[in-house]
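Trainee: This is the structure I want to talk about, given as structure tokens.
The values are calculated or read from the model by the stated rules, or taken from the named source; none is laboratory data. What you see is a predicted model, and the numbers here were worked out from it, not measured in a lab. All Cβ positions, even for glycine, are placed from backbone atoms using ideal geometry, and neighbour counts span all protein chains on display.
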Amino acid sequence: MRRKSSVSQRPPAAKEKERRDRMKDLYSTLATLLQLQPHEKMSPPDLLERATEELKQWKERVERLKSRRMELEKDSKGDSSNNIQKLQQFVQVREVVDLQLEANLKILVNNKNVAPFDILRVLEESGTHVTSSNFCIVSHHLFCTIHAEASNARIGFDAEQIESRLLELVY
């Protein structure tokens, strides 16, 4: 007769403790992915609720970006010189979530009026705090994606004013 391995002969209490420890590690990983601060203690149901909300927001953002990409692809297929001129450079600033904005720019690299720090300066002067920025050069274009939030929650910011200031800078 063969004997069963010692792993399967563990008492049920030990198996349950391992299961609880594994769940605790998984919740800890989830809290890290949600970028919770160490002092922010949440119950597992609250943590799952927050993760669900974050996933919904990311899904909505992906859908908006897909529709924006389709719109840009449709515009790029137009053959009029006006569309070509419009696509050489563009500036788009929009409020993403309450007190947060996203700025997307496509600028010709040989445009000597614009440097990345000038773009960031315009955003900072307009009452925002830049949280992330991405600058990438492809062919003859500089692509910028900047995320910012209002420096002061009471004052906020004016996305249209920021967009007009960036348009002045680019053109």
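Trainee: Could we say that residue 135 is at pLDDT 85 or above, among the aromatic types (Phe, Trp, Tyr) and touching a strand residue (DSSP E or B) at 6+ places or on another chain (Cβ under 6 Å) here?
Mentor: Yes; evaluated as a whole, the condition is true for this residue.
Trainee: Any residue in the range 102-121 that is in contact (Cβ under 8 Å) with a residue 12 or more places away in the chain sitting within a Cβ distance under 9 Å of a residue that is aliphatic (A, V, I, L, M) and assigned to a loop (DSSP other than H, G, I, E, B)? List the pairs, counting only those 6 or more apart or interchain.
Mentor: Close Cβ pairs (under 9 Å, with a partner that is aliphatic (A, V, I, L, M) and assigned to a loop (DSSP other than H, G, I, E, B)) amount to 105/114; 107/114; 108/114.
Trainee: Tell me which residues, restricted to the range 57-72, are under 17 Å from the mean Cα position of the chain (by Cα) and either assigned by TED's automatic domain parsing to the domain that holds residue 97 or hydrophobic (A, V, I, L, M, F, W, C) (or both).
Mentor: Across the range 57-72, the qualifying residues are 58, 62, 65.
Trainee: Among the residues of the range 73-89, is there at least one that is modelled with pLDDT of 75 or more, of a type outside the set (D, E, K, R) and not assigned by TED's automatic domain parsing to the domain that holds residue 120?
Mentor: Within the range 73-89 (the criterion being modelled with pLDDT of 75 or more, of a type outside the set (D, E, K, R) and not assigned by TED's automatic domain parsing to the domain that holds residue 120), the answer is no, since none of the residues qualifies.
Trainee: Let me ask something else. From the set of residues in the range 32-56 that are modelled with pLDDT under 85 and closer than 21 Å to residue 97 by Cβ, which is farthest from the chain's Cα centre (by Cα)?
Mentor: Filtering the range 32-56 for residues that are modelled with pLDDT under 85 and closer than 21 Å to residue 97 by Cβ, the one farthest from the chain's Cα centre (by Cα) comes out as 42.
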